[in-house]
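The values are calculated or read from the model by the stated rules, or taken from the named source; none is laboratory data. As the structure is a prediction and not an experimental result, all values here were calculated from the model. Counting neighbours? That spans all protein chains shown, and the Cβs are built from the backbone with ideal geometry, glycine included. Accessible surface areas use protein heavy atoms only, side chains included; no ligands, DNA or RNA. Shrake-Rupley method; radii C 1.70, N 1.55, O 1.52, S 1.80 Å.
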Amino acid sequence: MTSSATPSPAIATRPVLAEVVRSGFVEGLHRGSLVVLAADGSVEYALGDPAAPVFPRSSNKPMQAAAILRAGLDLDGERLALAAASHSGEGFHLDLVRKMLAEYGLTPDDLQTPPDLPLDPVEAESYLAAGQVRERLTMNCSGKHTAMLAVCAQNGWDTASYLDPAHPLQQLVRQVVEEAAGEPVAAVGTDGCGAPLMGIGLVGLARAFRSFVLAEPGTAERRVADAMRAHPEYVAGTRRPDTWLMREVPGTLSKMGAEAVQAVALADGRALAFKIDDGATRALGPVLARALDMLGIEAPVVSRIGRAPLLGGSDEVGVIRAAF
């Protein structure tokens, strides 16, 4: 079966953001687009076509969480961080999802996430070794879905259709995305978890993260940013770069998305966003580390994030490295 959709010719000519170097030989390239914003919000550096719409995937979760707050659900702390999470499926993540479901009179059966294993490979191996199977609750977006269901139940909105783009909650999500990005949603799709997915440009995505860290205290946007930064392990997990970065560079807001999307904002309003066109998440770390270097971030975590060795047998024989 062939698809009627055709790739944009511009994708093939976008710059190389990362190289795969094995035994001194460049065996692969990862192209994409990237933007860095100065503290005043102006574009300081750009590669590729950062104004072109992309699906930010889970990098949209802070905006989704802010919409949930605007709709009236009173979350804070770890619970709000989990509402904006792509959690790793560690025990503390799953325990809090269960607690939140119970607090709002919900059960795992109410979730419309697809059954899945924990996102973290270490957790997935332990989970399978214990004889457990894929569950809706274990899927990395279950915290977000729990919060969405809870606010629907609170407002008397239909919970069966909470993922419909025409649902009042999803219409509010779209409004928040457009306000934060400073541009209209260019396309609406369906994310891997089943939720509506709002397409915007990388410039808009960076602008949205910037707006969250600079928002007035007490606003929905600032509450989300503050919860994520205070509890980054609930946003991602103990073995994830988003957690490391938010923990080790105070004031930083960071969220990756599937298909190799990343957005970051610093406390002073500088921000970045990029997408690897082929969706290779193995290139995320090196590209993110290079972009952080460009922002002047001098912290050990940058090297940790950027390290992406290639193995030959049990030996390191190469690296994935930024190419800009």
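Against the list (1) under 30 Å from LEU82 (Cα atoms); (2) surrounded by fewer than 22 Cβ atoms within 10 Å (Cβ to Cβ); (3) out of contact with any strand residue (DSSP E or B) (no Cβ under 9 Å at 6 or more places or on another chain), the condition PRO53 fails is (3).
May I ask you to list the residues in region 284-312 that are assigned to a helix (DSSP H, G or I), of a type in the set (Lys, Arg) and touching a strand residue (DSSP E or B) at 6+ places or on another chain (Cβ under 9 Å)?
Once the filter is applied, which keeps residues that are assigned to a helix (DSSP H, G or I), of a type in the set (Lys, Arg) and touching a strand residue (DSSP E or B) at 6+ places or on another chain (Cβ under 9 Å), region 284-312 yields only ARG290.
Residue under question is GLU90, and the condition is that it be open to solvent by less than 30 Å² (accessible area, probe 1.4 Å), acidic (Asp, Glu) and either under 30 Å from HIS167 (Cβ atoms) or in contact (Cβ under 8 Å) with a residue 60 or more places away in the chain (or both); does it hold? So GLU90 passes the test. The number of residues in region 93-121 that are outside any loop (DSSP other than H, G, I, E, B), open to solvent by less than 10 Å² (accessible area, probe 1.4 Å) and touching a residue at least 60 places away in the same chain (Cβ under 8 Å) comes to 1. Here GLY156 fulfils each of the conditions (1) open to solvent by 30 Å² or more (accessible area, probe 1.4 Å); (2) touching a residue at least 24 places away in the same chain (Cβ under 8 Å) apart from (2). Remark: pairs (first residue in region 172-191, at positive phi; second residue charged (D, E, K, R) and surrounded by 17 or more Cβ atoms within 10 Å (Cβ to Cβ); Cβ separation under 7 Å; 6+ apart in sequence or on different chains) = GLY182/ARG207. Among the residues of region 280-308, those that are over 26 Å from ALA12 (Cα atoms) and either open to solvent by 30 Å² or more (accessible area, probe 1.4 Å) or under 19 Å from the mean Cα position of the chain (by Cα) (or both) comprise ASP293, GLY296, GLU298, PRO300, VAL301, VAL302, SER303, ARG304, ILE305, ARG307.
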